[in-house]
1. Filter the range 130-142 for residues that are under 15 Å from the mean Cα position of the chain (by Cα), in a strand (DSSP E or B) and of a type outside the set (Ser, Thr, Tyr) and give the result.
2. Specify the residue that is surrounded by the fewest Cβ atoms within 10 Å (Cβ to Cβ); the eligible residues are those in the range 124-140 that are under 29 Å from residue 105 (Cβ atoms) and of a type in the set (A, V, I, L, M, F, W, C).
3. Under the condition of being in contact with a Ser or Thr (Cβ under 8 Å, 6 or more places away or on another chain) and in a strand (DSSP E or B), which residue from the range 78-96 is farthest from residue 146 (Cα to Cα)?
4. Given the conditions (1) surrounded by fewer than 16 Cβ atoms within 10 Å (Cβ to Cβ); (2) closer than 19 Å to residue 72 by Cα; (3) not aromatic (Phe, Trp, Tyr), which single one is not true for residue 121?
5. Pull up the range 53-77, narrow it to residues that are polar (S, T, N, Q) and in a helix (DSSP H, G or I), then point me to the one that is surrounded by the fewest Cβ atoms within 10 Å (Cβ to Cβ).
6. Within the range 143-161, does at least one residue satisfy the condition of being part of a loop (DSSP other than H, G, I, E, B) and at pLDDT 90 or above?
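The values are calculated or read from the model by the stated rules, or taken from the named source; none is laboratory data. Computed from a predicted model, the values in this text were never measured in an experiment. Note that each Cβ is placed from the backbone with ideal geometry, even for glycine, and that neighbours are counted across all protein chains shown.
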Amino acid sequence: MKMKTNRQEGFSLIELLIVVAIIGIIAAIAIPNLLASKRAANEGSAIASLRTMTGAEATYQSTVGAGEYGNLAALQGEGLVDSVLGAGTKSGYAYVATPMASSTTAPARFDASCTPQSASGIGATGTRSFYTNESGVIYFVAGGTAPTASATTRVVSGGAPLK
């Protein structure tokens with residue numbers, strides 16, 4: 001007479017624990033790289049958005065602005081920037097465009113800057129802040145405060161130009 005063996009198939013608890021541990025190790029390596037890539041993409045988007053704003057300001061000044069620059073709402077109203085950038089936040093950055101009217105001693109000017117919504121920690125949306133003005137040169141500084149330019153001399157302090 002033949003004896004029947006009751007064989008059960010499947011994974012043992014040890015095998016499952018080893019697989020879970022391997023997945024955990026891979027995640028621990030991959031997640032920081034993913035977050036760094038996201039921060040780099042946000043910074044690239046911020047630089048491109050400031051370039052867009054510089055072109056939009058030049059167009060605004062030479063068309064409907066009558067020689068003056070506009071703020072984000074004015075640029076959006078004329079269709080020179082999209083509604084996302086016109087709202088002041090895009091890809092983890094907060095944007096500001098400040099026009100300065102011309103006077104008898106100075107021509108019209110503008111300052112545009114963007115700062116990361118979170119500049120530190122695991123949820124940082126960026127590690128650099130950016131600034132540009134009517135010159136079109138984009139400056140950066142590490143951290144949550146954008147460089148600024150003197151209102152009279154237009155010399156930028158606290159930042160270095162992008163290369």
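1. In the first step, residues of the range 130-142 are kept if they are under 15 Å from the mean Cα position of the chain (by Cα); the result is 130-132, 138-142.
Still in the list and also in a strand (DSSP E or B): 130-132, 139-142.
Within the range 130-142, 130, 140, 141, 142 meet the criteria.
2. 137
3. The qualifying residue farthest from residue 146 (Cα to Cα) is 90.
4. Answer for residue 121: the failing condition is (2).
5. 62
6. Among the residues of the range 143-161, not one is part of a loop (DSSP other than H, G, I, E, B) and at pLDDT 90 or above, which makes the answer no.
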